[in-house]
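Enquirer: Shown below is the structure under consideration.
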Amino acid sequence: MVDVLSAPPPLARLREELPVALFLDFDGTLVDLAASPEEIAVPAGLGGRLEHLCRQLDGRLALVSGRALDNLDHHLGKLAIARAGSHGADQRLADGSVLGKATEALPDHVVAQIDDYADKVGLHYESKAHGAALHSRAQPGEEEDAAHFMAQLAGANGLVLKRGKFVAELVRPGADKGTAIRAFMAHMPFCGARPIFLGDDVTDEDGFGAAHEFGGLAIAVGPRRTENADYALADPAAVHHWLGL
C-alpha cells in the first residue's frame, strides 16, 4: 500500500519561518528515472537553476545522491554547490573541498565478482569510486536474485547492501545519506538551519531521519511506502515547481 501524504507548504512560506537548508536527491527527484543511469534526460539548464536557488539560500543547498560525484558533474556540470555522492560516502563542500575522511574504494576482488555476475546475467554494472551497483530495471525478473548475490557478497566482505528501485549496491559501512546530512549540518552555512530533504527511494529514508534530528522536514517523491516522510510530491516535475526551478 502506498502512503498518502499531503503536499508540503510552499517553500517561500517555510523560508519565512526559519532559515532553510535544502538537501536534494537526484535520480527520481530532480530527474525522471530511466532504464539505466546513462539514459536519464536532464532538463536543459538544470545546473544553473540549482546554483541560482543555492545563492537564494545563502549556500544552504546540497545534492545527496547515490551517484558518484564525477557522474553528477557529467550530467550537471561542475557546480558551486555542496554535494555528497555514493550514498554519502564522498562529501564535498561548495568549494570542492572534501568534508571528513575520504572513504576507501571497494576491494578489487569484490568489484571483479560483481562485474563477472553482471556479464553473466546481463545486468547493467555501475562502477563507482566508493561503491558498485547492479541495475535491473531493464530486466526486472533478475532484481531479487541480484540483490541476494549482493547481500551474500556484502556479508562475506564486511560491506553494506543498499537497495533501491531495481538497484542493489555495495558500499563501505557508515555510507548513507543520513550521515552526509549530519556532516553538512555541522558546518557553515548549513549549521543552525532547518533541513528539508527530498528523495524518492528507500535509501532516502536515512536522510529523512537525519533531517528530523535537526527539527527538519522530509518530503517523499513519487508513489511509494515511506516510514519517515512528512509530505509528498508526485514526481520530479512537481519537485521543480515546488522549488521554483
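The values are calculated or read from the model by the stated rules, or taken from the named source; none is laboratory data. All figures in this text were calculated on a predicted structure; none of them were measured in a lab. All Cβ positions, even for glycine, are placed from backbone atoms using ideal geometry, and neighbour counts span all protein chains on display.
Enquirer: Among the candidates Ala35, Ala44, which residue alone is free of Cβ contacts under 8 Å to residues at least 12 places away in the same chain and hydrophobic (A, V, I, L, M, F, W, C)?
Expert: So the residue among Ala35, Ala44 that is free of Cβ contacts under 8 Å to residues at least 12 places away in the same chain and hydrophobic (A, V, I, L, M, F, W, C) is Ala44.
Enquirer: If a residue must be among the acidic types (Asp, Glu), surrounded by 15 or more Cβ atoms within 10 Å (Cβ to Cβ) and at pLDDT 90 or above, how many such residues does the range 100-144 contain?
Expert: 2
Enquirer: Still on this structure, I have one more. Among the residues of the range 8-40, which ones are loosely packed, with under 15 Cβ neighbours inside 10 Å and touching a helix residue (DSSP H, G or I) at 6+ places or on another chain (Cβ under 8 Å)?
Expert: Residue satisfying the conditions is Pro10 alone.
Enquirer: Can you tell me which residue in the range 56-83 is farthest from Gly164 (Cα to Cα), limited to those that are of a type in the set (Gly, Ala, Ser) and in contact (Cβ under 8 Å) with a residue 60 or more places away in the chain? Spell out how you get there, then give the answer.
Expert: First, pick out the residues of the range 56-83 that are of a type in the set (Gly, Ala, Ser): 59, 62, 65-66, 68, 77, 80, 82.
Within this subset, residues satisfying the condition of being in contact (Cβ under 8 Å) with a residue 60 or more places away in the chain are 59, 62, 66, 68, 82.
Details: Gly59: 29, Ala62: 21, Gly66: 10, Ala68: 16, Ala82: 23 Å.
Among residues in the range 56-83 that are of a type in the set (Gly, Ala, Ser) and in contact (Cβ under 8 Å) with a residue 60 or more places away in the chain, the one farthest from Gly164 (Cα to Cα) is Gly59.
Enquirer: So which residues in the range 1-25 are closer than 17 Å to Ala211 by Cα and either under 17 Å from the mean Cα position of the chain (by Cα) or not aliphatic (A, V, I, L, M) (or both), if there are any at all?
Expert: If the condition is that a residue be closer than 17 Å to Ala211 by Cα and either under 17 Å from the mean Cα position of the chain (by Cα) or not aliphatic (A, V, I, L, M) (or both), then Pro8, Pro9, Arg15, Glu17, Pro19, Ala21, Leu22, Phe23, Leu24, Asp25 are the ones that fit.
Enquirer: Report yes if Glu142 is in contact (Cβ under 8 Å) with a residue 40 or more places away in the chain and over 25 Å from Ser97 (Cα atoms), otherwise no.
Expert: no
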